[in-house]
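The next block holds one structure in the form of structure tokens; read it before the comments.
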Amino acid sequence: MNKLIVFLIAIFINIYACAEDVSTLRPGDVLKLNLPGEIEFADTFQIKRDGSMFLPEIGQVGLAGMTLEKASSYLKKLLGEEYRAIGDFSLQLVERRLPIRVLGFVKSPGLIDLPADGNIQMALQEAGGPSAGAQLDRMQINRQGTVNAFDYKRYLDTGDFSILPKLQPLDVIFVPASPLIGNVQMEFDAATLSASGDGSEAATAVKVFGEVLKPGVFSYKSGNTVVDMLMRAGGVTRYAGVEHIRVINQGVPQLFDLKHYLDTGDAENMPVITAGSTLFVPIQEEEIKTGLRTVYVMGEVFKPGAYEAATGTAFFDILANAGGPTRFAETRQVRIIRTTGKVDAFDLQAYTEGLAVTNVPKISPGDAIFVPEKTDMNEKSWLKISPNRAIRVIGAVIKPGRYEWGDEMSFLDILAHAGGPTQDADISQIKVLKNGRKTREKPFDLAAFISDGGDFSLLPEVGAGDTIIVPEKPRDVIDNKARWLRQSQESSIYVFGQVGQPGRYAFDNKLHFLDILSAADGPTQYADIHTVKVTHRNGYSTKVSTVDLGLYFETGDESLLPLVRAGDTIYIPQRDKVWLDKKKEQTVRIIGAVDKPGRYTFSEEMTVLDLLAEAGGPTENAHLEKIMVVNISTASANENQSQVFDLEAFVERPDFNTLPLVRTGDTVFVPDISNSNWNVFISNVKDMVSIASLVVIAGGI
């Protein structure tokens with residue numbers, strides 16, 4: 001009866017405790033605030049890890065640790081200050097959650113949110129599971145600063161849930177790493193872990209390293225011998241010096257001769273293995289081989305060393321016994337060092353390709369075969385390539401430098417070896433400086449070779465000791481003056497006068513007249529585009545042509561544009577410049593009673609009316625009936641001729657057939673009205689009347 005009463009009391013107390021636990025709010029709890037008519041409270045709210053909850057119009061509210069009833073009264077009071085319909089407010093606990101942290105040797109450490117019935121295994125699953133090398137038997141749970149360890153491995157082996165501690169909000173689960181993984185984290189499997197030994201306690205573990213197949217740390221077992229520990233480490237390697245195995249027991253070193261033990265079976269001198277012992281198997285020390293029939297192979301071969309060579313042993317026999325050259329070997333520069341001190345060179349690669357004309361070198365006892373290392377392109381040292389087999393590539397290439405040259409290589413091979421030209425390279429002006437020759441070679445136009453599909457026989461001949469220069473094109477039109485020294489005259493064109501950017505420009509013979517004019521930003525507003533001058537230079541003579549660029553823009557006739565080449569000069573003069581800048585054979589003079597007398601550029605499409613208009617027109621004192629046009633001599637008539645043009649009669653009866661012919665070199669004279677015959681006559685009459693009056697007055701006196 002008493003036992004029954006005690007049992008019922010325990011059940012009552014447990015139920016009461018659970019009820020009290022449920023009614024107390026804690027981090028992670030999900031609450032529902034029922035406030036009719038307010039859409040801000042339609043969703044649920046969760047208490048954060050710091051015990052607070054954010055409410056609209058209220059802000060942060062601390063609720064953790066309160067009972068549900070107390071939290072309801074507290075929130076009702078706060079909400080009543082901001083909302084009116086607070087009479088129907090109610091607070092409900094919708095769900096309990098477990099906010100925890102999982103740290104340590106897991107795949108995704110961080111914050112985890114579990115349901116109320118969550119456990120350790122569910123938390124590890126949310127964190128991605130333990131990483132390879134995690135120590136499962138020493139996992140920890142940190143609850144408000146108190147750390148408790150538990151054996152998760154035993155739970156996995158037995159399925160006993162009582163082993164796992166129950167989780168509470170804000171718990172921290174820590175998964176430690178196994179001491180066997182070392183200080184560097186890396187991916188490994190169980191086989192790799194076991195290969196490193198099975199020792200867990202550093203104080204008692206036996207360490208085996210050196211020339212064994214599986215060095216590691218092994219757990220100490222009483223009665224184990226040196227042979228037992230070597231077997232647990234996989235045995236010794238073929239390079240092990242088994243006569244000098246070293247064993248350290250409690251700080252005292254001992255030597256053990258395994259070969260002697262295997263030959264005699266005498267275990268009297270075998271060291272005893274104790275807890276914390278250390279075994280080291282050294283590498284076997286080979287003797288230096290010498291002899292009258294020894295040939296030495298050094299350098300980039302698989303098995304360098306000293307080899308016995310009987311009389312008549314061939315070069316390839318020795319090289320094959322040494323395993324042959326490695327992939328890093330420079331087989332073009334094999335050296336045979338004779339006992340006399342003489343050094344013979346042998347091009348093994350050329351011989352294997354059938355290109356060598358020399359015979360295979362003969363090997364004598366005492367000789368040494370040296371196979372050097374291939375030059376590393378990433379290494380800046382030039383000492384590995386002698387000048388007599390190097391070629392230099394400088395300028396606008398991807399990898400300028402000094403490269404090894406082979407006779408079977410071509411110009412394109414060495415250019416490709418340097419990474420090819422850059423995007424700023426002027427491949428139309430590539431120069432080759434020949435070794436030992438001072439003659440100036442014509443630049444090679446690689447651009448034309450590529451575009452025209454040139455014959456490979458047209459490529460420049462290059463060889464060891466030569467230098468290939470790939471110049472760089474100006475990058476910017478504005479600062480092209482800074483690059484003139486890099487740009488040869490043969491690849492330049494000059495633009496002067498009224499253009500936006502006069503100067504010296506890199507020019508390709510495939511470019512157009514308008515291309516180079518556009519590069520100079522085109523003519524300015526003061527340019528005389530009707531008399532553009534182009535000086536053509538072909539290296540022997542100079543020719544000047546005049547371009548009417550304005551007429552080209554009016555007609556679109558491509559035949560009006562000149563063909564320019566590198567080295568030519570383009571000059572765009574200024575409008576309304578002084579007379580001396582214009583030759584008389586290229587202009588028409590207009591003098592007399594006009595607004596702007598002077599010399600004017602005249603074309604065949606113009607008439608005397610155009611010329612008068614360009615000169616500002618006749619003045620108010622001009623004698624329009626007697627305009628004179630003086631023509632220069634022609635091939636048919638060696639005397640100059642003059643014509644009279646009546647502008648007033650033309651205005652009254654316009655007939656363009658009556659206009660006088662005007663050509664370059666002619667002169668147009670517009671006389672003043674004071675120079676007409678009538679004015680001269682009236683002037684004379686006035687003079688005569690004055691004289692007669694003077695005579696009459698004198699006679700009267």
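The values are calculated or read from the model by the stated rules, or taken from the named source; none is laboratory data. For clarity, every value in this text was computed on a predicted model and none was experimentally measured. A quick note on method: Cβ atoms are made from the backbone with ideal geometry, for glycine too, and the neighbour counts reach across all protein chains shown.
Of all residues in the stretch 575-597, those that are modelled with pLDDT under 85, exposed (fewer than 13 other Cβ atoms within 10 Å of the Cβ) and in contact with a Ser or Thr (Cβ under 7 Å, 6 or more places away or on another chain) total 1. All of 177, 195, 202 fail the test of being within 27 Å of residue 124 (Cβ to Cβ) and modelled with pLDDT under 70, apart from 195. Residue 87 falls short of the stated requirement of being in contact with a Ser or Thr (Cβ under 6 Å, 6 or more places away or on another chain) and farther than 14 Å from residue 167 by Cβ.
Across the stretch 123-155, what is the total count of residues that are in contact with a Ser or Thr (Cβ under 6 Å, 6 or more places away or on another chain) and either closer than 22 Å to residue 28 by Cβ or exposed (fewer than 14 other Cβ atoms within 10 Å of the Cβ) (or both)? Here the count works out to 2. Scanning the stretch 25-56 for residues that are assigned to a strand (DSSP E or B), within 52 Å of the chain's Cα centre (by Cα) and of a type in the set (Val, Ile, Thr) gives no hits. Filtered by the rule that a residue be over 19 Å from residue 284 (Cα atoms) and among the aliphatic types (A, V, I, L, M), the stretch 203-230 gives 203, 205, 206, 217, 229.
Listed by position, the strands (runs of 3 or more DSSP E) enclosed by the stretch 57-148 that each have at least 2 residues that are within 54 Å of the chain's Cα centre (by Cα) are 59-62, 97-104, 110-115, 139-143.
For every residue, the table says whether it meets (1) out of contact with any Asp or Glu (no Cβ under 8 Å at 6 or more places or on another chain); (2) over 29 Å from residue 143 (Cβ atoms).
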residue: 81; (1), (2): yes, yes
residue: 91; (1), (2): yes, no
residue: 98; (1), (2): no, no
residue: 103; (1), (2): yes, no
residue: 106; (1), (2): yes, no
residue: 112; (1), (2): no, no
residue: 117; (1), (2): yes, no
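Taken over the stretch 318-353, the criterion of being loosely packed, with under 15 Cβ neighbours inside 10 Å, more than 42 Å from the chain's Cα centre (by Cα) and part of a helix (DSSP H, G or I) is satisfied by 320 alone.
For beta carbons closer than 9 Å, sequence separation of 6+ or different chains, a first residue in the stretch 58-76 that is at positive phi and a second that is small (Gly, Ala, Ser), the qualifying pairs are 65/51.
Could you list all residues from the stretch 220-252 that are basic (Lys, Arg) and more than 17 Å from residue 274 (Cα to Cα)? 238 - this is the single residue of the stretch 220-252 that is basic (Lys, Arg) and more than 17 Å from residue 274 (Cα to Cα). Scanning the stretch 258-285 for residues that are closer than 20 Å to residue 239 by Cα and part of a helix (DSSP H, G or I) yields a count of 6. The residue list 120, 112, 100 contains one member that is surrounded by 15 or more Cβ atoms within 10 Å (Cβ to Cβ) and touching a residue at least 60 places away in the same chain (Cβ under 8 Å), which is 100. Here residue 566 fulfils each of the conditions (1) under 17 Å from residue 504 (Cβ atoms); (2) modelled with pLDDT under 85; (3) touching a Lys or Arg at 6+ places or on another chain (Cβ under 9 Å) apart from (3). In the stretch 498-534, the residue that is modelled with the lowest pLDDT out of those that are β-branched (Val, Ile, Thr) and closer than 28 Å to residue 451 by Cβ is 516.
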